[in-house]
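Working notes, structure below.
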Amino acid sequence: MIDTSEIGVFLGLDVGKGEHHGTAATPAGKKALDKRLPNSEPKLRELFEKMQAKHGIVLVVVDQPASIGALPLAVAPNAGCQVAYLPELTMRRIADLYPGQAKADARDAFIIADAARVMPHTLRAAEMSDQMVAELEMIVGFDDDLAGETTRIANRLRGLLTQIHPSLERVLGPRIQHPAVLLMLERLGSPAQLRKAGRRQLISLIRAKAPRMAERLVSDVFTALDEQRVVVPGTDAAALIVPSLTGQPKSVLDQRKLLATRIEELLESHPLSAVLTSMPGIGVRTGARILIDVGDGRSFPTAGHLAAYAGLAPATRSSGSSIRGEQPSRRGNKQLKRALFLYAFAALTDPASRAYYDKKIKQGKRHIQAFLCLARRRAYVLFAMLRDGTFYDPQPAPAG
C-alpha cells in the first residue's frame, strides 16, 4: 500500500495519444486543476514543477502505466513527483460508485485522483518491474503482429495451392510453415517445376531442413502430383506469386526468433519469472502474456475474478424452462484467454491435469467443456501461486 499521508495534491491523468486530461485534488477533496495537457515532456515537466511549488508533494496517478501513459510516469519522478497507477480493472469497478455513465476524460481523471485520495490501497507503485512489463508488452505486441502476418501469408499460400492443385495442397498445406516446404516452394513454385526437378533433386534440396522426413515428404509430393495431370487456368500466374510469398514467412520467422530471445531475457529478469515457469505448460511467450495481463495477481480480488477477466468463467443461459445450460463466455481478454488455453493444453502432459480432464469427460462433458474446466482450474492454481509467491507443487494423479 502506498503511503499518502504527506501528499499535498493528487493528480489523476486520463492518458491519451496526443494529450491527457489532468484533474488534481487536495487531501480535503478540493479541485486544484482540471484541464487538458499536451503529451510532451516540456509541458508536463512545467506543470509538475508548478504544482510542487504550490502544493508540496505531488502524487501523479495514471490508469495505463505502459504505452500512452509511459511518458508522464517517466517525466514525473524526474521532476520530483511520486508516481503510481490505478489498475484498469479496479478503475472500472470504482467508476460505478460515482454518478454519471458517460465515458468522459474529465470524469475519468477526477475518479483517478479521488480514488488515490480516499482509497490509496487500490493504487500500485510504478516499480522497475513495471518498466520491464512495459517493454515486454511492446515486444510481445509486435510478436503477435508478426504471428498474425505469418498466418495471413500461410493462408494465402494454401489458397493458391488449393486453386491450382488441391492434392498438392493437402500434402504441403498442413506443413506450409516448415522450412523445408518453404524452401521447396521458393525454388520450385509450380507443380510442373516440382515434377521436372525429380525426386532425387528434391530430397537433396530439403534434406538439410528436414533430415528425418525428406524422403517421406517428397514421396507424398509426387503421389499428389500424379493425382492431377490437368493444368488449371492461373497455374502460370501462381508460379510467379508462390516463390515471392514463400520468402516472406522466412523473414518473419527469423524476426520472431530474435524477439523470442529478448522476451526470454526480460521474463527471466522479472521477480515472478521463477514462479511462472515452475508450472508445467508455461513457456516463454505464454509466461510473458500472463505477466503482462495478470502481473502479480493483486488486481484481482479472487481467482474467480481472474477467470472471468480471461473469459474462462462459464456463461449461464436461462430462459424459462426451454433454455437452460452453460456455455463458454465470449467476453474477456482474448489474448490472455488464448495464452491460458495454450497453457492448459500443454498441461495435459501433467498426470494430475490429465486425470482432471478425463474426469470431466467421464461426467459427460464434451471436449471443449472439459478443456475449459481444466483451463479455469489451472487459472485458479496460477492465481494462488502469484498471490503467495510460491512455486508449483505437483500433485500425484488420483488412483483409479
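Values in this text are rule-based calculations from the coordinates and carry no lab data. Since this is a predicted model, take the numbers as computed values, not measurements. Here the Cβ is made from the backbone with ideal geometry for all residues, glycine too, and neighbour counts use every protein chain on show.
For Leu188, what is the net charge nearby, where nearby means another residue's Cβ is under 13 Å from its Cβ and Lys, Arg count +1, Asp, Glu -1? Kindly include the intermediate steps, with their values, before the conclusion.
On the way: positive: Arg187, Arg195, Lys196, Arg199; negative: Glu186.
Neighbour charge sum, excluding Leu188 itself: +3.
Dividing the alpha-carbon Rg of region 136-265 by 2.2 N^0.38 Å yields what?
Values: Rg = 15.9 Å, N = 130, 2.2 N^0.38 = 14.0 Å.
For region 136-265, the normalised Cα radius of gyration comes out at 1.14.
Between Ser5 and Glu268, how many nm apart are label points set 7 Å from Cα along the C-beta direction?
4.3 nm
Tally Lys and Arg at +1 and Asp and Glu at -1 over the other residues with C-beta under 10 Å from the C-beta of Ala303: what net charge comes out? List each step's numbers first, then the result.
On the way: positive: Arg376, Arg377, Arg387; negative: none.
In short, +3.
Cα-Cα pairs above 33 Å in the chain: how many percent? Present the calculation step by step, with values, prior to reporting the outcome.
On the way: 41624 of 79800 pairs.
So the pairs more than 33 Å apart make up 52 percent of the total in the chain.
Please list, ordered by chain and number, the residues whose modelled amide H lies under 5 Å from the amide H of Asp34; skip anything fewer than 5 residues away on the same chain.
It is Ala24, by chain and number.
Report the trypsin sites (Lys or Arg not before Pro) located in region 30-82 that are in a DSSP loop and have at most 11 other Cβ atoms inside 10 Å of their Cβ, or state none.
Here the sparse-neighbourhood loop sites are Lys30.
What is the extension gain from Arg152 to Ile241, computed as 0.36 nm multiplied by their sequence separation minus the C-alpha to C-alpha distance, in nm to one decimal? Write down the numbers at each step before the final one.
Values: separation 89, 0.36 × 89 = 32.04 nm, distance 1.47 nm.
Full extension from Arg152 to Ile241 adds 30.6 nm.
To the nearest 10 degrees, how steeply does helix 41-55 sit against the main Cα axis of the chain, on a 0 to 90 scale?
With both axes taken from Cα atoms, the answer is about 30 degrees.
Let me have the relative contact order for the chain, percent, based on Cα pairs under 8 Å that are six or more residues apart.
In percent, rounded to a whole number, it is 12.
Which listed residue (Leu259, Pro27, Leu194) has the Cα farthest towards the positive end of the charge dipole for the chain, taking +1 on Lys and Arg C-beta and -1 on Asp and Glu C-beta about the Cα centre?
Leu194
Modelled label-to-label distance, Gln363 and Gln193, 7 Å Cα→beta-carbon offset: nm?
Each label point is offset 7 Å from its Cα along the Cβ direction, giving 5.5 nm.
How far, in nm, would the chain grow between Tyr98 and Arg45 when pulled straight, counting 0.36 nm per residue and subtracting the alpha carbon separation? Working shown, then result.
Numbers: separation 53, 0.36 × 53 = 19.08 nm, distance 3.02 nm.
Full-extension gain reported as 16.1 nm.
With axes computed from alpha carbons, what is the tilt in degrees of helix 191-206 against the longest principal axis of the chain, rounded to the nearest 10 within 0 to 90?
Result, in degrees: 80.
Could you work out how far helix 367-388 tilts from the main Cα principal axis of the chain, as a 0 to 90 degree angle to the nearest 10?
It works out to around 40 degrees.
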